[in-house]
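Have a look at the structure below before the remarks.
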Amino acid sequence: GGRINIATLGAFDRPAGMFSGTLRTGYNELSGRVPYSGNLAYSRVFSSRWGLSVGGSLSQRRFDSELFRVSSGAWSNFNGYLVPQNQAFFLYDVDRRRQGVNVALGHRPADGHEITFRFNNNLFRDIEQRQQVEYDLTRGTLSNQTPTSGRFSQGRASREFRDYEQEHTINAAALNGTHVVTNWLVEW
C-alpha cells in the first residue's frame, strides 16, 4: 500500500496570475501518423480574498512499433554452434489517449486562513492491437550446417492476433484548509 499526494497549483500560489501552454507533435515513420499533446494553465486572484486556478491537458498518440525477439533461453548447441530455437516478430498498433483537467477555487476569509476546493478529472484510454508471428526453427534433423547457416528438415510457424482495450477514469474532489493560529500552523 501507499499514498500519492498530487499537489496541483492553487490561485494564491501565483498572486500575480499566470497563463501558460505548450503544444507538441511528432511523426511516426512506421505508421505515417502524427501524435500530439498540449496543455494549458491559468490562474488569477480576483480580489485579495478569492482566486481560481484551472489546468488542462490532452495527449493523443497513435503509433506503430515493431519488435523482434529471440528468447535468451532459446539457444541450443548443435555440433558446437549455438542456434536459436525460436524467433518472434511483433507489430503493435497503439492508440493511446490521455486527458485531464484540474480546478482549484481558493478563498481567504481572513489573514492567515485559506480554504481551497479542488477538483481533478483524468481519463486514460489505450487501444492496442498486436500481431505476432513465431517461428520454431529447430525441428527435425539438421543438415548443411556452417557457422552462419543450416537447414532443419522441419519447423513450425504460428500467428497470433490480440486486441486489447482499457479505459480508466479518475475523479477526485477535496476541500482543504490552512490556518495560522498564534504560532501554530493547522492544515486539514
What's the number of the only condition in (1) farther than 30 Å from ASN176 by Cα; (2) without any contact (Cβ under 8 Å) to a residue 60 or more places away in the chain; (3) among the hydrophobic types (A, V, I, L, M, F, W, C); (4) open to solvent by 50 Å² or more (accessible area, probe 1.4 Å) that PHE78 fails to meet?
(2)
Of all residues in the range 22-34, which are open to solvent by less than 50 Å² (accessible area, probe 1.4 Å) and either basic (Lys, Arg) or more than 18 Å from the chain's Cα centre (by Cα) (or both)?
SER31, GLY32
Residue under question is ALA104, and the condition is that it be open to solvent by less than 40 Å² (accessible area, probe 1.4 Å), among the aliphatic types (A, V, I, L, M) and either farther than 30 Å from GLU160 by Cα or at pLDDT 95 or above (or both); does it hold?
yes
When the residues of the range 35-53 are filtered to those that are of a type outside the set (Lys, Arg), more than 17 Å from the chain's Cα centre (by Cα) and not in a strand (DSSP E or B), which remaining residue is farthest from HIS113 (Cα to Cα)?
PHE46
Just to check your reading of the model, which residue among ASN171, ASN86, ASN144 is at positive phi and either at pLDDT below 90 or open to solvent by 80 Å² or more (accessible area, probe 1.4 Å) (or both)?
ASN144
Please find, within the range 148-163, the residue that is least open to solvent (accessible area, probe 1.4 Å) out of those that are free of Cβ contacts under 8 Å to residues at least 12 places away in the same chain and in a loop (DSSP other than H, G, I, E, B).
SER149
Taking the range 102-118 on its own, how many of its residues are among the charged types (D, E, K, R) and not in a strand (DSSP E or B)?
1
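The values are calculated or read from the model by the stated rules, or taken from the named source; none is laboratory data. Owing to the predicted nature of the structure, the values given are computational and were not obtained by experimental measurement. Every residue, glycine as well, gets a Cβ built from its backbone with ideal geometry; the counts of neighbours run over all protein chains shown. Surface areas here come from the heavy atoms of the whole protein model, side chains and all, with no ligands, DNA or RNA. Shrake-Rupley method; radii C 1.70, N 1.55, O 1.52, S 1.80 Å.
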